[in-house]
């Protein structure tokens, strides 16, 4: 049985690795705070999932910038940081450590 490959798929000198000549794409870089799940617009910082508040990292009246930690939620035994989606002052902080929350709960507002 004889097998021939198109020129772009040849492995080269009679051997080599199976991925020789394969095109590899670079993964897109993640934006800072992209994993946070905070509200993308408006003043409200909302919970991206249901869980328990294990840490409140800000206080009423505190100034924050994009990416600053606001709250840490625990869901399915994993801690999930929720960060500020915009620059401003924390107002309307409505949760405390130990509180059980549902997805979409307003945790705080940034004005």
- segment 77-111: number of residues that are touching a residue at least 60 places away in the same chain (Cβ under 8 Å) and closer than 13 Å to residue 61 by Cα: 4
- Message: One residue is enough: does segment 59-76 have a residue meeting the conditions within 30 Å of residue 7 (Cβ to Cβ) and at pLDDT below 95?
- Response: no
- Task: From the list 33, 21, 42, 14, pick out the single residue that is in a loop (DSSP other than H, G, I, E, B), in contact with a helix residue (DSSP H, G or I) (Cβ under 9 Å, 6 or more places away or on another chain) and modelled with pLDDT under 95.
- Result: 21
- Considering only segment 49-100, give the strands (runs of 3 or more DSSP E) lying wholly within it that have at least 2 residues that are on the phi > 0 side of the Ramachandran plot, out of contact with any helix residue (DSSP H, G or I) (no Cβ under 8 Å at 6 or more places or on another chain) and surrounded by fewer than 16 Cβ atoms within 10 Å (Cβ to Cβ). none
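The values are calculated or read from the model by the stated rules, or taken from the named source; none is laboratory data. Every value quoted in this text rests on a predicted model; they were computed, and no experiment measured them. Note that each Cβ is placed from the backbone with ideal geometry, even for glycine, and that neighbours are counted across all protein chains shown.
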